[in-house]
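K.L.:
Here you go, one structure.
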Amino acid sequence: QSVAVRLICDRERDIQAFVSEEYWTVTAKLRAKPKGGLFDAELIAVDGKKPQIGSEAEADAVTGELEKAAYLVREVKKRERRRNPSAPFITSSLQQEASRRLGFTARKTMLLAQQLYEGIDVAGVGPVGLVTYIRTDSTRVASSAQDEARAYVAAKHGKDYLPDKPPVYSTKNAQDAHEAIRPTSLELGPGAVAKSLNRDQLRLYMLIWERFVASQMAPAVYDTLTVEIAAGRFGLRATGSVLKFPGYLAVYGDSRDEAEKDALLPEVDEGQELKLQKLLPKQHFTEPPPRYTEASLVKVLEEKGIGRPSTYAPIIETIQERGYVLKAEKAFQPTDLGFVVVDLLKEHFPDIVDADFTAEMEDRLDGIADDKVTRAKVLKEFYDPFAATLANADSKIGQVELPVEVSDTPCPSCGRMMVVKHGRFGNFLACPGFPACRTTKPILKDTGAKCPLCQGSVVQRRTKRGKVFYGCANYPECQFTTWDTPLKDTCETCGTFKVRHAFKQGRFTVMCGNEKCPTRAKEGAGPQPVAKPRKTSTKTSAKRKAGKKNG
């Protein structure tokens, strides 16, 4: 737990120290023949070196030269690329994939997986465990399960979808006491048990079932084409691929696979002249390293050899319950308490919060299990220096006060200056006179967009359940709210701010925030009504009150 909190704190300090830098990319839209299709080529070299374009003026100078240049195909590379399926799930990879695909926390994933393992009363079959043991770090699969999978794939998809031999996947530092996580029987597919599972159980079971079947299938095969283009002192590159044989993707693919196979280039020959249609310079800014999500934290803990399959979920749960970190926008942020504790541990117990120490201790515990070293020796080698360090730290640390951040907002109830506190859904303002004064206020995050109704600031808010939405800062005078994320860009047609609209399937689109703007119909999302407060009829309220009385 200490190492996990340190990883999150160190990442947050990297983010705070990060200085963003501007850079530009240039993409050329080219045509292979007078009536051929357009394709994109990206600038990759200037005078044989990687382009360093740091300002709009530099980008304009480059595009000015490219507009006058002649474009010739310098080299065409065609090859076949194979993409192998992923190994069947182990505990850590199941938690990561369930977080990425299904939005499940590590705790929820393990709770549902435990239910599938313990047994479900399947209609027409009776109580049956649907998956193998769920706390494992081995990708080993029993030969009988592989034979069953191969028979299923051959019958369902054909023998072309089978590799010559059953695949064998390797795992680092695996104890190999249990198999990988897989269905106990492929006869009980998701369709056969759907009516016996609740929605979340079915989604997780389908993920496990599809991943296992796909792991026993042939690789996906792509035909890839890379075109190197010369334009004076500039070099450009266009790449494309088309799916030749789906292999395991017939069972287990995602949106990234779909995006990859859609890129297709026209046929061109070396020495062929290309016609420039348009140049597209684009501004970018370097971004800081991302905060850890549950999936990425589990991944780094596994990579560094910290913890075991059964400990990832409790680690994540405990560091949140004790107030060391909080989760905002599905990512972990350290609290002031987390920073203070980590700094004290790094000063007085540097070994304890060192990732290498924790991984080495895991190895030494494995040594005890393998009878290579005695338990007493390992404990003595650890405890003697630790006891001395503990005594020294205990005499120096004493009482530690957490820093209090005072805001410039007076309490509307008693007039004291409110302070920043940490809660389940992020920071908020609270009166320092608690418990005598219990006044709290949300900290409103300005999005930079202007309200279409009153031109006030559009700020980020949260529902009572913690879900993020956006509304006018002048509430309750102005009732504007929306679920879509406002952007600083404005619509060229009506001048309203643009929004990022997310679909249930995971994809998103950027469109005008004005539901009456004519551009909305072109974005494919259709008009999105502004979220309005839920109304309850007097009749319904009366019924609820009566029900409570009769309780």
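The values are calculated or read from the model by the stated rules, or taken from the named source; none is laboratory data. Since the model is a prediction, treat every value here as computed from it, not as a measurement. Cβ placement follows ideal geometry from the backbone for every residue including glycine, while neighbour counts extend to all protein chains displayed. Ligands, DNA and RNA are stripped out before the accessible areas are found, and what is left, the full protein with its side chains, is counted by its heavy atoms. Shrake-Rupley method; radii C 1.70, N 1.55, O 1.52, S 1.80 Å.
K.L.:
Restricting to DSSP loop positions (anything but H, G, I, E, B) with no more than 12 other Cβ atoms inside 10 Å of their own Cβ, which GluC sites (Glu not before Pro) remain in segment 1-55?
P.N.:
Filter output for segment 1-55: GLU21.
K.L.:
Can you pull out the trypsin sites (Lys or Arg not before Pro) in segment 319-398 that DSSP calls coil and that have at most 12 other Cβ atoms within 10 Å?
P.N.:
Within segment 319-398, the qualifying trypsin sites (Lys or Arg not before Pro) (loop, at most 12 other Cβ atoms within 10 Å) are LYS330, LYS372.
K.L.:
Tell me, in nm to one decimal, what length is gained between GLN399 and VAL420 on full extension, where the rule is 0.36 nm per residue of separation less the Cα-Cα distance?
P.N.:
Length gained between GLN399 and VAL420: 5.4 nm.
K.L.:
Note down the relative contact order for segment 316-385 as a percent, whole number, built from C-alpha pairs under 8 angstrom at least six residues apart.
P.N.:
13 percent
K.L.:
Just the accessible area per residue of segment 270-428, please: how many Å² with a 1.4 Å probe?
P.N.:
63 Å²
K.L.:
Distance cut-off 20 Å, Cα to Cα: go down the list LYS421/LYS445; LYS278/LYS516; LYS78/LYS275; LYS450/LYS488 and report the pairs above it.
P.N.:
LYS278/LYS516; LYS78/LYS275
K.L.:
Within the chain, what whole-number % of the accessible surface is contributed by carbon and sulfur, with the 1.4 Å probe and all protein chains included in the calculation?
P.N.:
Roughly 50 percent, rounded to a whole number.
K.L.:
Once you compute Rg and the Kirkwood Rh from C-alpha atoms, what is the Rg to Rh ratio for segment 86-174?
P.N.:
Radius of gyration over Kirkwood radius for segment 86-174 works out to 1.01.
K.L.:
Run the quick spin-label model on LYS159 and ASP370: label points 7 Å from Cα toward the beta carbon, then report their separation in nm to one decimal.
P.N.:
For LYS159 paired with ASP370, the spin-label model returns 4.3 nm.
K.L.:
Could you list which residues have their amide H under 5 Å from that of ARG461, counting only those 5 or more apart in sequence or on another chain, with H placed in the peptide plane?
P.N.:
Counting only residues 5 or more places away or on other chains, the set is PHE469, TYR470, GLY471.
K.L.:
With each run of n ≥ 4 DSSP H residues scored as -39500 (n - 2.57), what mean residue ellipticity at 222 nm is computed for the chain after dividing by its residue count and rounding to the nearest 500 deg cm²/dmol?
P.N.:
Helix contribution divided over all residues of the chain: -10000 deg cm²/dmol.
K.L.:
Taking only protein heavy atoms and a 1.4 Å probe, what accessible area per residue, in Å², does segment 69-167 have with all protein chains in place?
P.N.:
52 Å²
K.L.:
Just check the chain against the gyration tensor rule for me: Cα atoms, a ≥ b ≥ c as the square roots of the eigenvalues, rounded for a/c under 1.5, and otherwise prolate or oblate depending on whether a/b exceeds b/c.
P.N.:
Verdict is rounded for the chain.
K.L.:
Decide, for segment 300-426, between rounded, prolate and oblate: order the square roots of the alpha carbon gyration tensor eigenvalues as a ≥ b ≥ c, take rounded if a/c falls under 1.5, and otherwise choose prolate if a/b is larger than b/c, else oblate.
P.N.:
It is oblate, given that a/c is not under 1.5 and a/b is not larger than b/c.
K.L.:
May I ask you to derive the FRET efficiency for LEU337 and ALA391 from their Cβ-Cβ distance with R0 = 25 Å, giving the value to the nearest 0.05?
P.N.:
0.55
K.L.:
If you find the alpha carbon centre of segment 298-321 and of segment 70-110, how far apart are they in angstrom?
P.N.:
Their Cα centres are 22 Å away from one another.
K.L.:
Within segment 113-211, which chymotrypsin sites (Phe, Trp or Tyr not before Pro) sit in a loop by DSSP and count at most 10 neighbouring Cβ atoms inside 10 Å?
P.N.:
none
K.L.:
For a quick check: with amide H placed at 1.01 Å from N, whose amide H comes under 5 Å from VAL131's, ignoring anything fewer than 5 positions away on the same chain?
P.N.:
TYR117, THR184
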